[in-house]
Amino acid sequence: MIVHPAAALFPMMNSDELNDLATDISARGLDQPIMTMNGVLLDGRNRSRACEIAGIIPTSIEYTGSDPVAYIMSANLKRRQLSISQRSALAVELEPIFAEEAEKRMLATLKRGDQSPAEENFPQRASRAPQRASRAPQASEEAAEVVGVSGRNVRTAKAIQQKSPELFEKIKKGELTVSKAKSTINLEERKSKSIAETVESVKASPPKITLAPCLEYIKDIDACDLLITDPPYFTDGDFTSEVVQCIKTLKPTGQAYVFCSADPKEVQAYLGKDYGEFHIEQILVWNYNNSGQRQPNERYTSNHQLCLYFRSKQSKPLNKPADGTHQYACQTINAPDGRLGDRFHSWQKPMELIERLIKNSSDEGDLVFDPFAGSGTTLLAASKLGRIAYGCDVDSEAVNLCITRGCVS
């Protein structure tokens with residue numbers, strides 16, 4: 001039997017549920033007839049299928065009302081516990097059906113010759129785009145009213161359907177709310193915008209990223225003017241020896257910045273190393289106030305990280321930016337925020353912070369190196385500021401992220 005399009009919007013029972021229903025019908029009979037209209041099934045798809053499984057011809061009642069779609073919605077919504085989000089998605093799928101019904105009514109009216117004077121003078125116009133454009137909002141409002149949700153919810157769900165059919169399907173299944181899906185799409189759009197802007201800013205001279213361990217990579221590169229890096233913290237292993245070797249590849253006139261956690265053991269490990277001609281001149285502080293954390297019972301909540309500043313006796317003086325605050329030993333800049341679409345890595349540093357360090361300790365055309373490139377922020381910031389940037393990482397996902405953001409391999 002042909003199923004009405006509005007009835008087909010509701011999911012069927014799974015095979016186990018249908019078999020259970022068929023067993024029940026075989027034992028007790030069909031307690032509720034199916035509803036049809038001119039040979040089209042309006043309500044009772046599951047009962048009809050269960051009767052077929054049980055080898056029973058279902059009883060039926062002919063619908064005599066004037067609005068079969070409203071009847072289908074009413075009958076199904078009473079039986080199903082659908083959330084507001086699911087109802088909104090249902091209204092989106094119901095809208096074309098209402099639009100088609102409106103089309104049929106209009107054509108029937110035209111066929112009877114019941115036209116306004118304007119339509120009589122322009123019969124072709126009466127059956128084309130202007131009418132379709134005016135019917136679309138009406139169909140949307142009608143669908144929203146029938147399922148019992150606001151037009152705003154339906155419009156939002158429709159936008160989600162157009163932008164992400166996958167998320168729309170999750171809404172239909174009750175796995176996701178409209179608001180959550182909207183937030184997800186907005187975040188992805190912000191991320192895409194952020195990436196596009198970064199790619200554009202470095203396209204004239206994109207930085208180079210290589211998939212390789214830093215100790216292998218530094219064998220084949222020229223000495224750099226500036227090293228800025230954020231190696232894994234001690235929670236992921238001790239990489240201080242690698243950092244030492246990378247710093248020793250600096251030009252004698254160079255400078256370096258190495259980020260580390262505020263863990264005393266980690267700081268002590270860096271302080272006890274031999275860096276050749278270079279030494280730790282200062283321990284800088286990056287403070288951020290936008291990262292919520294649980295409050296520990298035996299220590300203070302950390303909202304800062306340290307940055308070891310290296311110089312040699314031959315290192316060039318700092319450039320002393322016009323804004324003296326950019327040379328403060330403590331820099332307060334918010335961390336990249338996933339809600340704003342500019343966070344791509346768990347320990348990613350803010351672009352603004354890295355740009356300040358690059359401006360302070362290098363000039364245009366200088367070589368900037370990052371042996372633990374991560375999300376590529378150092379390389380991208382350096383390239384954006386007219387430096388020649390190159391780096392490496394052992395994580396293929398990190399390298400791919402760098403390439404996505406504008407680096408080349």
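Computed quantities for the displayed model
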{"read-out": "Condition broken by residue 328, with the remaining ones in (1) of a type in the set (Ser, Thr, Tyr); (2) under 30 Å from residue 184 (Cα atoms); (3) without any contact (Cβ under 8 Å) to a residue 40 or more places away in the chain satisfied", "value": "(2)"}
{"read-out": "Residue that is surrounded by the most Cβ atoms within 10 Å (Cβ to Cβ), among those in the stretch 37-55 that are assigned to a strand (DSSP E or B) and under 44 Å from the mean Cα position of the chain (by Cα)", "value": "43"}
{"read-out": "Count of the stretch 392-407 residues which are surrounded by 21 or more Cβ atoms within 10 Å (Cβ to Cβ), outside any helix (DSSP H, G or I) and of a type in the set (A, V, I, L, M, F, W, C)", "value": "2"}
{"read-out": "Selection count, the stretch 253-281, where residues are touching a residue at least 60 places away in the same chain (Cβ under 8 Å) and over 14 Å from residue 368 (Cα atoms)", "value": "1"}
{"read-out": "Residue 389 being over 21 Å from the mean Cα position of the chain (by Cα), in a loop (DSSP other than H, G, I, E, B) and under 20 Å from residue 248 (Cα atoms)", "value": "no"}
{"read-out": "Hits in the stretch 242-282 (condition: part of a helix (DSSP H, G or I), in contact with a Phe, Trp or Tyr (Cβ under 8 Å, 6 or more places away or on another chain) and aliphatic (A, V, I, L, M))", "value": "243, 244, 247, 269"}
{"read-out": "Some residue of the stretch 179-192 being of a type in the set (A, V, I, L, M), farther than 26 Å from residue 404 by Cβ and touching a residue at least 60 places away in the same chain (Cβ under 8 Å)", "value": "no"}
{"read-out": "Answer residue from the stretch 79-103, given it is in a loop (DSSP other than H, G, I, E, B) and either surrounded by 15 or more Cβ atoms within 10 Å (Cβ to Cβ) or not basic (Lys, Arg) (or both) and is modelled with the highest pLDDT among those", "value": "83"}
{"read-out": "Scan of the stretch 287-319 for residues that are polar (S, T, N, Q) and at pLDDT 90 or above, ordered by number", "value": "287, 305, 312, 314, 315, 319"}
{"read-out": "Residues of the stretch 192-241 satisfying the condition of being assigned to a strand (DSSP E or B) and charged (D, E, K, R)", "value": "208"}
{"read-out": "Residues of the stretch 286-330 that turn out to be farther than 21 Å from residue 247 by Cα, over 36 Å from the mean Cα position of the chain (by Cα) and among the small types (Gly, Ala, Ser), as a count", "value": "2"}
{"read-out": "Odd one out for residue 353, checked against (1) part of a loop (DSSP other than H, G, I, E, B); (2) in contact (Cβ under 8 Å) with a residue 60 or more places away in the chain; (3) out of contact with any Leu (no Cβ under 9 Å at 6 or more places or on another chain)", "value": "(1)"}
{"read-out": "Considering residues of the stretch 252-303 that are of a type in the set (S, T, N, Q) and touching a helix residue (DSSP H, G or I) at 6+ places or on another chain (Cβ under 8 Å) only, the residue surrounded by the most Cβ atoms within 10 Å (Cβ to Cβ)", "value": "255"}
{"read-out": "Residue check for residue 249: more than 24 Å from residue 387 (Cβ to Cβ) and modelled with pLDDT under 95", "value": "no"}
{"read-out": "Residue in the stretch 3-28 that is farthest from residue 68 (Cα to Cα), counting only those that are of a type outside the set (A, V, I, L, M) and outside any helix (DSSP H, G or I)", "value": "14"}
{"read-out": "Subset tally (residues that are within 14 Å of residue 259 (Cβ to Cβ), hydroxyl-bearing (Ser, Thr, Tyr) and not in a loop (DSSP other than H, G, I, E, B)) for the stretch 283-332", "value": "1"}
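Yes or no, residue by residue, for (1) under 20 Å from residue 343 (Cα atoms); (2) among the aromatic types (Phe, Trp, Tyr); (3) buried (at least 18 other Cβ atoms within 10 Å of the Cβ); (4) without any contact (Cβ under 8 Å) to a residue 12 or more places away in the chain:
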position	(1), (2), (3), (4)
197	yes, no, no, yes
201	yes, no, no, no
207	yes, no, yes, no
212	no, no, no, no
222	no, no, no, no
229	yes, no, yes, no
232	yes, no, no, no
242	no, no, yes, no
249	no, no, yes, no
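The values are calculated or read from the model by the stated rules, or taken from the named source; none is laboratory data. These figures come from a predicted structure and were not determined experimentally. In this analysis, Cβ positions are derived from the backbone assuming ideal geometry, glycine residues included, and neighbour counts consider all displayed protein chains.
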